[in-house]
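Note sheet for the following structure.
Any read-out appearing in this document is the output of simple, stated calculations on the displayed coordinates, not a laboratory observation. What you are looking at is a predicted structure, and each value in this text was computed from that prediction instead of being measured. All Cβ positions, glycine included, derive from the backbone under ideal geometry; neighbour counts span all protein chains shown.
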Amino acid sequence: LVKIYIAASWKHEHAVRMLTDLLRARGWTVFSFVEKAGRDEDLAKNQKRDTFDEWVWSQAGDDKFHWDTDSCTHVDLVIYLGPSGTDAWAEVGAAWAAGVPVVGLHAKGEQAGLMRRMMTKWYNNHTEMLDEIAEIHSSPNSVKEKQT
């Protein structure tokens, strides 16, 4: 089974959900920060939090941080949806440092500079990206081997 993490901004929530559906339809496992956050919110409905900063430093924030970083560093592939913010880029960096291949879905407004080199490949459309991922993961060679 191919395990995939999608690194993206919350502004791409709907795109993450749609891409997750497309990936799962191919039989791949997707670790979705969007779904995880929804489950966490359901569990935490009775907890009062006044600010995002309070959540970040709470136990729930710590749990979510570790779920995200563990997920993006223990998969077969990370897909970055651009343009996204600092948290998504931190996940890209963690994955890259852990040796996990990262591919990017480029969109107008991407501001990454030199660090865009962490991508094994940039794609301009999702169909080409999905087809290449399928081709790579159905062959004896993996994306990871192509990265080296």
Exercise for the section: Quote to one decimal, in nm, the extra length available between K36 and K11 on full extension: 0.36 nm per residue of separation minus the C-alpha distance between them. Expected result: 7.4 nm
Exercise for the section: Keeping to pairs on different chains or 8 or more places apart, tell me how many lysine pairs in the range 1-131 have Cα atoms under 25 Å apart. Expected result: 16
Exercise for the section: Mind giving me the nanometre distance, one decimal, between the label points for Q111 and W55, set 7 Å out from Cα along Cα→Cβ? Expected result: 2.2 nm
